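Every read-out reported here was derived from the displayed coordinates using simple, explicitly stated rules and does not represent laboratory data. Being a predicted model, the structure only gives us computed values, none of them experimental. All Cβ positions, glycine included, derive from the backbone under ideal geometry; neighbour counts span all protein chains shown.
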Amino acid sequence: MIRSMLVGAMVALMPVSGFAADLIVDYAPAARLCAEASQSSLTTDQDVATLTKEVVSRMDEAIAVADDPHWISSTRPTFVWASETKVACGKAYGYLQSNWRDEDYIAKCDCFYSKMRNFMN
């Protein structure tokens, strides 16, 4: 009796352990693509005014691309990278307005912008 209950419990728990592997899946591969902040052409050593100008320029271009029907309906991932650029540059710009240079968002802004431009050509 105890043996059959133990076997039944083990059988009931087997599917749970099978689903645990799904938790390891990397759902954010884009974050890995821009892990190197040293690759960014925007550096936190620049003065805030220049850095802000560059970030806003990238953000404005990304907004224009994301609103363009040509890129929205394109099979290239340009629209996706434009959307990512808008978010990253928008956050970097928000931090820059308070004189805080967030290296991660500045690097992501530049990296996502580069990817957007690469897919446009």
- Task: Fewest Cβ neighbours within 10 Å first, please rank 58, 101, 3 accordingly.
- Result: 3, 101, 58
- Item | Sum of side-chain charges, residue 67 neighbourhood, beta-carbon under 13 Å (Lys, Arg +1; Asp, Glu -1) | -2
- Item | Label-point gap, in nm, between residue 64 and residue 43 - each point 7 angstrom along Cα→Cβ | 2.8 nm
- Message: Counting other beta carbons within 10 Å of each residue's own, what order do 89, 111 fall into, fewest first?
- Response: 111, 89
- Note on the structure: Between residue 50 and residue 73, the two model label points (7 Å from Cα along the beta-carbon direction) sit apart by a distance in nm of 4.3 nm
- Here the gain from full extension of residue 80 to residue 121, 0.36 nm per residue of separation minus their alpha-carbon distance, amounts to 13.3 nm
- Task: Using +1 at the Cβ of each Lys and Arg and -1 at the Cβ of each Asp and Glu in the range 42-121, identify which of 75, 100, 51 lies farthest towards the dipole's positive end.
- Result: 75
- Going by C-beta contacts inside 10 Å, put 52, 78, 85 in order with the fewest on the left. 52, 78, 85
